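Okay, so here's the structure we're looking at.
The values are calculated or read from the model by the stated rules, or taken from the named source; none is laboratory data. In this text, all values refer to a predicted model and were calculated from it rather than measured experimentally. Neighbour counts run over all protein chains shown; Cβ positions are idealised from the backbone, glycine included.
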Amino acid sequence: MLTRREALSGVAVAGVAPGASAAKRNDSPEAALQAFLRAFEDCDLPRMEAAFASDASYFDRASDSVQDLGPYHRGKGMPAGMRQLALELPQTVSGPPYHRIEPQNLACEIYGALALCTFELEHPDNLGRRTVALRKQKDGWKIVHIHASNVYRAVPDPAPSSRPG
């Protein structure tokens, strides 16, 4: 019987024992994505970077309001926000894992050597939406693009009686 972590890591999808090589763990796009998400939970930058193709690109997630749009243009490699989080969390949180990423409504569609995986991340104040494109390469499925966006819950207006007069 698989542990919850093994099942979430993509081992069950890939049909490989936990100690198997990384190449075996990413023999399907879903397994490759799950392995990347586990590396991200562990803030393991070498494993995270290894999940990306050399020509990867991204659109990073943004907060509900930003002043500078510069960081939100298309970037190269792994999303800058992910890298920053992976560097900062181990300084302030005990782990690994340093945080939990639990994709909801995960769907992977395969089109030959390309795959499109989408999922959602539910938080109290927003819904994170992620689209990850992967390409099959000689060493397994690699991420070629991540598009991350968040939809923020509206903050209710204060009750009329509590508004300044």
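Key figures
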read-out	value
Criterion: assigned to a strand (DSSP E or B), modelled with pLDDT of 95 or more and in contact with a helix residue (DSSP H, G or I) (Cβ under 7 Å, 6 or more places away or on another chain) - qualifying residue of LEU134, LEU116	LEU134
Any pair with Cβ under 9 angstrom, 6 or more apart, that starts in the range 127-141 at a residue that is buried (at least 17 other Cβ atoms within 10 Å of the Cβ) and among the aliphatic types (A, V, I, L, M) and ends at one that is modelled with pLDDT under 95 and part of a loop (DSSP other than H, G, I, E, B)	LEU134/ASN26
Whichever residue in the range 98-113 is of a type in the set (A, V, I, L, M) and at pLDDT 95 or above and, among such residues, is farthest from ALA62 (Cα to Cα)	ALA113
Cβ-Cβ under 7 Å pairs, at least 6 apart or on other chains, the range 20-44 side among the basic types (Lys, Arg), far side modelled with pLDDT under 85 and surrounded by fewer than 21 Cβ atoms within 10 Å (Cβ to Cβ)	LYS24/ALA14; LYS24/VAL16; ARG25/ALA14; ARG25/VAL16
Checking GLY95 against (1) of a type in the set (Gly, Ala, Ser); (2) at pLDDT 95 or above; (3) in a loop (DSSP other than H, G, I, E, B), the condition it does not meet	(2)
Residues located in the range 29-65, provided they are in a loop (DSSP other than H, G, I, E, B), modelled with pLDDT of 95 or more and surrounded by fewer than 21 Cβ atoms within 10 Å (Cβ to Cβ)	ASP42, ASP44
